[in-house]
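Here's the structure, in structure tokens; my notes come after.
Each reported figure results from applying straightforward, stated rules to the coordinates on display, with no laboratory input. The model shown is predicted, which means the values in this text are computed figures rather than measured ones. Backbone-built Cβ (ideal geometry, glycine too); neighbour counts: all protein chains shown.
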Amino acid sequence: MLSDIFPTGWHATELAGLRPGDSVAIYGAGPVGLMAAHAAVIKGASQVLVVDTHPDRLALAEKLGATAVNAVGDAAVQKILDLTDGRGTDCGCECVGYQCCNKHGHEDNAATMNSLVASTRATGGIGVVGVFVPQDPGAASELAQAGKMPFDFGSFWFKGQQIRTGQANVKTYNRQLARLIHQGKANPAAIISHSLKLAEAPAAYGHFDKRAAGWTKVILKP
């Protein structure tokens with residue numbers, strides 16, 4: 001947990017500029033998104049909203065102290081605005097990446113980024129740790145195949161927002177996060193759904209890739 005997902009989730013909140021008392025919307029309730037929610041709660045966020053459409057993952061987000069937003073696209077944005085008295089959150093985290101889907105369930109690499117621009121208040125920060133690739137030959141659109149997207153730059157510019165992104169430098173965070181775990185202030189193990197033998201890994205990856213209910217985080221024991 002300290003070699004990847006917990007530091008990456010923490011990194012998302014750092015990139016977003018989250019400070020104590022801020023509100024934050026986290027897009028994606030996979031392992032990294034859940035760890036971003038955990039990090040936000042630990043850091044003293046006043047309101048943590050997690051956006052996804054998988055009830056089992058959203059239930060884990062709520063157990064971590066977040067508010068679940070079971071919606072995508074404009075519906076998710078509207079729910080976030082409703083929950084923040086129309087202001088939008090102070091900051092937002094993208095924890096899905098280029099394989100995110102639109103309201104029709106089709107892959108749309110711009111979906112979460114444009115929603116974040118819409119649901120984050122003016123001058124707010126957006127942290128992106130979801131993977132976006134330079135090329136995606138199997139994508140449906142020519143833009144996506146070239147690693148590009150129809151990004152709502154006009155609204156982003158007009159609102160004076162900031163975006164920071166990049167892979168987490170795990171060693172920047174893992175010692176401090178380890179101390180939080182040792183002192184009982186953090187519990188990333190709360191999202192583990194299965195502990196399996198190494199020989200069971202192929203089947204486990206299949207369940208996780210299909211987003212099978214109840215498969216949230218798998219630990220393999222060689």
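Extent of the range 5-135 along its three principal axes (Cα atoms, max minus min coordinate, largest first): 36, 31, 30 Å. Averaging the sequence gap over all C-alpha pairs within less than 8 Å and six or more residues apart, then dividing by the number of residues, gives the chain a relative contact order of 21 percent. By the beta-carbon count within 10 Å of each Cβ, the least crowded to most crowded order of Met149, Met1, fewest first, is Met149, Met1. Among Glu94, Glu200, Glu14, a tally of other beta-carbon atoms within 10 Å of each Cβ gives an order, fewest to most, of Glu200, Glu14, Glu94. Measuring r between the beta carbons of Ala190 and Arg19 and using R0 = 25 Å, the FRET efficiency lands at 0.55. Over all Cα atoms in the chain, the spread is summed up by Rg and Dmax: 16.9, 52 Å. Here the calculated FRET efficiency for Ser46 and Ala199, from their Cβ-Cβ distance with R0 = 41 Å, stands at 0.35, rounded to the nearest 0.05. Remark on the range 137-222: ratio of C-alpha radius of gyration to 2.2 N^0.38 Å is 1.63.
Note on the chain: helix-only mean residue ellipticity at 222 nm, from DSSP H runs of 4+ residues weighted -39500 (n - 2.57) and normalised by residue number, equals -11000 deg cm²/dmol. Reported value for the range 36-110: 91 Å³ per residue, from the convex hull of its C-alpha atoms. In the range 167-210, the ratio of gyration radius to Kirkwood radius, Rg to Rh, stands at 1.12 when only Cα atoms are counted. With the convex hull built on the Cα atoms of the range 63-159, state its orientation-averaged projected area in nm². Over all viewing directions, the range 63-159 projects a mean Cα-hull area of 6.7 nm². Projected onto their three principal axes, the Cα atoms of the range 75-130 cover extents of 30, 22, 13 Å, largest first.
Pairs over the 22 Å Cα-Cα cut-off, from the set Lys63/Lys217; Lys79/Lys103; Lys103/Lys148; Lys63/Lys221: Lys63/Lys221.
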